[in-house]
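Student: One structure follows; several queries about it will come next.
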Amino acid sequence: MSAITTASPDTTIKDAPSRLTSTLPRATASAGVLAAAATTAVAAALRAGGVPLAAHGAIPLAAFAQLTVAAAVAGGVLLAVLNRRSSAPRRRFVRITAGLTALSCVIPAAFADTMGSKIALAALHLLAAAIIVPVLARRAD
């Protein structure tokens with residue numbers, strides 16, 4: 001759904017989505033790649049800074065990218081379903097993803113090896129959500 005802004009009584013300007021996010025699959029891929037790059041870069045920086053990023057053993061850097069892209073795809077699928085079946089897909093998408101993000105922060109708290117890992121991994125979950133959710137929410141019908 002695009003917002004319409006009235007410039008004057010005679011003219012309306014329709015907000016056009018960017019070329020990279022003109023369709024839901026493209027927005028999902030773009031958000032996933034961007035979030036994966038961001039979380040992997042931050043994870044590498046944290047690891048270089050001495051934060052272990054471990055949950056029952058060290059987490060490989062590639063896992064951050066893979067799981068972030070998987071989360072973006074899951075978000076895209078969720079939004080596609082909501083676009084078809086919900087009368088208020090954007091509102092429901094944001095509410096559901098807020099709850100899922102909160103739940104995803106519980107996982108590091110339960111399984112990470114050190115307090116530093118727990119905080120860093122939860123922050124990485126929040127970073128990924130902060131990138132993916134707004135991009136996809138703009139694609140809600």
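Values in this text are rule-based calculations from the coordinates and carry no lab data. Please read all numbers here as calculations on a predicted model, not as lab measurements. Heads up, the Cβs are rebuilt from the backbone with ideal geometry, glycines too, and the neighbour counts pull from every protein chain shown.
Student: Under a crude label model (7 Å from the Cα following the beta-carbon direction), how far is residue 98 from residue 42 in nanometres?
Tutor: Each label point is offset 7 Å from its Cα along the Cβ direction, giving 1.9 nm.
Student: I would also like to ask the following. Computed over the Cα atoms of the stretch 20-137, what is the convex hull's projected area averaged over all directions, in nm²?
Tutor: 6.9 nm²
Student: Only counting other Cβ atoms within 10 Å, I'd like 59, 107, 132 sorted with the fewest neighbours first.
Tutor: Result, fewest neighbours first: 107, 59, 132.
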